[in-house]
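Just below is one structure, and these are the notes that go with it.
The values are calculated or read from the model by the stated rules, or taken from the named source; none is laboratory data. If you're wondering where the values come from, they're calculated on a predicted model, not measured in any experiment. As a convention, Cβ positions derive from the backbone with ideal geometry for all residues, glycine included, and neighbour counts pool all protein chains shown. Note: accessible area is taken over every heavy atom of the protein model, side chains too, but ligands, DNA and RNA are not part of it. Shrake-Rupley method; radii C 1.70, N 1.55, O 1.52, S 1.80 Å.
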Amino acid sequence: MRMLNLVLIGFMGTGKSTVGKKLAKKLGLKFVDTDQEVERVCGMTVNQIFKKFKEVRFRSEEKAALRRLTVNTGQVISTGGGTVLDLENLEMLRDNGFIVCLTAEPEVIYQRLKRKKNRPLLKTEDPLATVKQLLQDREPFYTKADVMVDTSVKDLESIVVEVAGLYKEFNSQKRG
């Protein structure tokens with residue numbers, strides 16, 4: 001029986017990659033990360049692509065990666081935080097996928113990211129204000145997910161169990 005993709009969307013620092021790897025292992029699915037796919041194809045890090053070519057080029061590479069990845073099913077796909085800003089991307093993900101948006105409070109996101117130097121969109125004078133503004137700007141896109149799961153105060157195992165249960169339920173409804 002064909003299993004849909006389990007797609008994780010949401011802002012950076014909400015746990016998409018960490019949760020995605022654990023989910024893939026728990027569910028026996030392949031884990032793919034769209035940022036890693038872009039880096040693999042381009043031979044550069046996301047940060048290097050942003051520096052050298054700017055966001056427009058990165059988004060173009062991201063869309064190409066999604067086209068390659070979404071033809072397959074039965075995988076956990078962790079997307080970049082801005083992937084769903086392009087509605088065509090969202091539709092590609094929805095075609096064969098169950099979309100879960102991982103969320104977190106802005107202060108929690110800031111605490112998770114403040115020591116990381118590889119987040120080009122947060123290289124601002126006031127990163128917390130930037131997080132709040134970007135979350136507000138992206139909310140209409142994130143709410144297009146099938147479900148939303150707040151990762152602010154839950155431990156990793158609880159999040160994995162919750163999302164795995166939602167995915168299994170969605171898959172069984174699609175087959176039934």
Being closer than 24 Å to Met3 by Cα and of a type in the set (A, V, I, L, M) is the filter here; which residues of the range 119-176 pass it?
Ala145, Val147, Met148, Val149, Leu156, Ile159, Val160, Val161, Val163, Ala164, Leu166
Cys101 passes all but one of the listed conditions (1) in contact with a Phe, Trp or Tyr (Cβ under 6 Å, 6 or more places away or on another chain); (2) assigned to a helix (DSSP H, G or I); the exception is number (2)
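Rundown of residues vs (1) open to solvent by less than 90 Å² (accessible area, probe 1.4 Å); (2) at pLDDT below 95; (3) not polar (S, T, N, Q), yes/no style:
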| residue | (1), (2), (3) |
| --- | --- |
| Gly80 | yes, yes, yes |
| Val84 | yes, yes, yes |
| Leu93 | yes, no, yes |
| Asn96 | yes, yes, no |
| Thr103 | yes, no, no |
| Thr124 | yes, yes, no |
| Leu128 | yes, yes, yes |
| Leu134 | yes, yes, yes |
Considering the range 133-169 alone, what residues qualify as being of a type outside the set (Val, Ile, Thr), more than 14 Å from Gly81 (Cβ to Cβ) and assigned to a helix (DSSP H, G or I)?
Pro140, Leu156, Glu157, Ser158, Glu162, Ala164, Gly165, Leu166, Tyr167, Lys168, Glu169
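State whether the residues of the range 123-131 include one that is closer than 30 Å to Val71 by Cβ and touching a residue at least 12 places away in the same chain (Cβ under 8 Å).
So the first thing to find is which residues in the range 123-131 are closer than 30 Å to Val71 by Cβ, and the list is none.
For the range 123-131, residues closer than 30 Å to Val71 by Cβ and touching a residue at least 12 places away in the same chain (Cβ under 8 Å): absent.
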Looking at (1) within 19 Å of Asp95 (Cβ to Cβ); (2) without any contact (Cβ under 8 Å) to a residue 12 or more places away in the chain; (3) of a type outside the set (A, V, I, L, M, F, W, C), can you tell me which one Gly43 breaks?
(1)
